[in-house]
Amino acid sequence: IAWNNTVLRNGQNNIIGTMSIGEDITERFAMDRMKGEFISVVSHELRTPLTAIHGGIKLLAKGLVPVGSEQGKQLLQLAAEHSQRLVRLVNDILELERLESGTSWLKKQPLNTQTLTGQVIDLFQLTAKQAGINLKVFDPGFEIMADGDRIHQVLTNLMDNAIKFSPADSTIWLTVESGESAPGGDKNTVLFTVRDQGRGIPPEKCAKIFERFIQVDSSDSREKGGTGLGLTICQNIVEQHGGFIGVKSTLGKGSCFYFTLPIN
Ligand code: ADP
């Protein structure tokens, strides 16, 4: 509470009391703190790749490392990877900003879930094969009203994570079924699940994993190329559709990300 105190005086200028007005600033306080945290994380996330790019290019520009040499090529490759990471980060931040400010409207249309899951499986077939991972899909085909591009984006992000955190010779299942089997779901919803046999997520992180920039391991963004914003974007899209998203995971055994969508 922010207090505003005023001394009350009588006609002879003697103090006769005080008047205090308290303003509830809980929300403003939380917003300011969130803004501060957001800026510090973003600037850290931006600084790391920028330092690498700047350092590498300076060595090349000053001729300290010849451009055509093996080391020169490595520096250029590194700079290219880091700049790609920057582009991804900025795109994700802008995307989240658009979603949260409500300026990007959902374009709900009738669609069949099989069309979506088919497209997503096609998209990942090659990457999964290269990583030695089996993809399995079970989708009897539900007619729903949803923004196809947005749900495609959610599934893509969940599948991308599942592949990133799965070992070779493991399986990833993408399934769609009636929402009746979901915790708190009903027959007017459909339930999408992406289940993997990867490294899993520790229980204390499961609840937090949908928050911005939260990663299980701080080296994840460097080694796996993520931004820590993907699941926040997924949550936003699912909730805008009136559904909910969650995860069940066992460390070392695998994770199961699920979300529901209303049929209409
Ligand atoms: P990122 O772009 O880093 O993948 P996400 O928000 O999509 O961002 O995921 C946040 C973090 O959650 C990941 O960095 C990883 O630590 C963890 N995570 C997400 N999906 C999985 C999964 N299937 N298995 C294990 N960990 C996962």
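The values are calculated or read from the model by the stated rules, or taken from the named source; none is laboratory data. This structure is a prediction, so every number in the text was calculated from the model and none was measured. Please note: Cβ atoms are built from the backbone with ideal geometry, for glycine as well, and neighbour counts cover all protein chains shown. Calculation scope for accessible area: heavy atoms of the full protein, side chains included, ligands and nucleic acids excluded. Shrake-Rupley method; radii C 1.70, N 1.55, O 1.52, S 1.80 Å.
For this structure, a couple of remarks:
- Taking all protein chains as shown and a probe of 1.4 angstrom, I93 keeps an accessible surface of around 40 Å².
- At the listed q of 0.20 Å⁻¹, the Debye profile of the range 86-129, built from one uniform point per Cα, gives log10 I(q)/I(0) equal to -0.89.
- If R0 equals 30 Å, the separation of the Cβ atoms of L94 and K73 corresponds to a calculated FRET efficiency of about 0.40.
- Amide hydrogen proximity for F244: with H placed 1.01 Å from N in the peptide plane, the residues at 5 or more positions away or on another chain lying under 5 Å are T260.
- Based on the convex hull around the alpha carbon atoms, the chain presents an average projected area of 23.3 nm².
- Computed from the alpha carbon atoms alone, the convex hull of the range 208-251 holds 73 Å³ per residue.
- Residue of I25, I53, I245 that the Gaussian network model of the chain assigns the largest fluctuation, springs spanning Cα pairs under 10 Å: I25
- The range 220-264-the range 77-154 distance, computed between alpha-carbon centres (Å): 11
- The relative contact order of the range 57-199, computed from alpha carbon pairs under 8 Å that lie at least 6 residues apart in sequence, is 19 percent.
- Value of Rg/Rh across the range 1-102 [Cα atoms, Kirkwood radius]: 1.45
- Using the empirical formula 2.2 N^0.38 Å as the baseline, the Cα radius of gyration of the range 158-264 reaches a ratio of 1.06.
- Of all DSSP bridge pairs formed entirely within the chain, close to 85 percent run antiparallel.
- Against the chain, whose longest principal axis is taken from its Cα atoms, helix 148-164 shows a tilt of about 70°.
- Computed over the chain: relative contact order in percent, which uses C-alpha pairs under 8 Å that are six or more apart: 15
- Loop-located trypsin sites (Lys or Arg not before Pro) in the range 168-217, at most 13 other Cβ atoms within 10 Å (DSSP): K187, K208
- Between N91, N157, N14, the residue with the greatest mean-square fluctuation in the GNM of the chain (Cα pairs under 10 Å linked by springs) is N14.
- Per-residue ³J(HN,Hα) for the range 201-209, Karplus 6.51 cos²θ - 1.76 cosθ + 1.60, θ = phi - 60°, Hz, x for Gly and Pro: 10, x, x, 5, 8, 4, 6, 9, 4
- Straight-line reach from K35: taking Cα to Cα under 16 Å and skipping same-chain neighbours fewer than 8 places apart, the aspartates and glutamates in range are E27, E45, E97, E100, E211.
- The separation of the range 19-35 from the range 172-189, counted between C-alpha centres, amounts to 41 Å.
- Of the trypsin sites (Lys or Arg not before Pro) found in the range 42-99, those that fall in a DSSP loop while having at most 11 other beta-carbon atoms within 10 Å are K62.
- Accessible surface for the chain, divided over its residues, is 59 Å² per residue with a 1.4 Å probe.
- The range 33-76: projected area of the alpha-carbon convex hull, averaged over directions, in nm²: 3.1
- For the range 1-144, the Cβ-based charge dipole about the Cα centre amounts to some 480 debye (Lys, Arg positive; Asp, Glu negative; other atoms uncharged).
- Atom-type composition of the exposed protein surface of the range 99-234 places 51 percent of the accessible area on carbon and sulfur (1.4 angstrom probe).
- The range 3-94, relative contact order in percent, only Cα pairs under 8 angstrom and at least six apart counted: 19
- Theoretical ellipticity at 222 nm over the chain - DSSP helices of four or more residues, -39500 (n - 2.57) apiece, nearest 500: -15500 deg cm²/dmol
- Overall form of the range 134-199 per C-alpha gyration tensor (a/c, 1.5; a/b vs b/c): prolate
- Legend: P(r) of the range 64-202 from all alpha carbon pair distances, 5 Å bins from 0, whole percents, reading 2, 8, 13, 15, 16, 16, 13, 6, 4, 3, 2, 1, 0, 0.
- Taking amide hydrogens as placed 1.01 Å from N in the peptide plane, the amide H of I133 sits under 5 Å from those of D169, each at least 5 positions away in sequence or on another chain.
- Take M31: with every protein chain present and a 1.4 Å probe, its accessible area is about 120 Å².
- Phi-based couplings in Hz for the range 30-35 (Karplus 6.51, -1.76, 1.60; Gly and Pro marked x): 5, 4, 4, 5, 4, 4
- Sequence-distant lysines (8 or more away, or on other chains) whose Cα lies within less than 24 Å of K253: K129, K136, K164, K205, K208, K224
- Of the GluC sites (Glu not before Pro) found in the range 191-239, those in coil by DSSP whose Cβ has at most 13 other Cβ atoms within 10 Å are E211.
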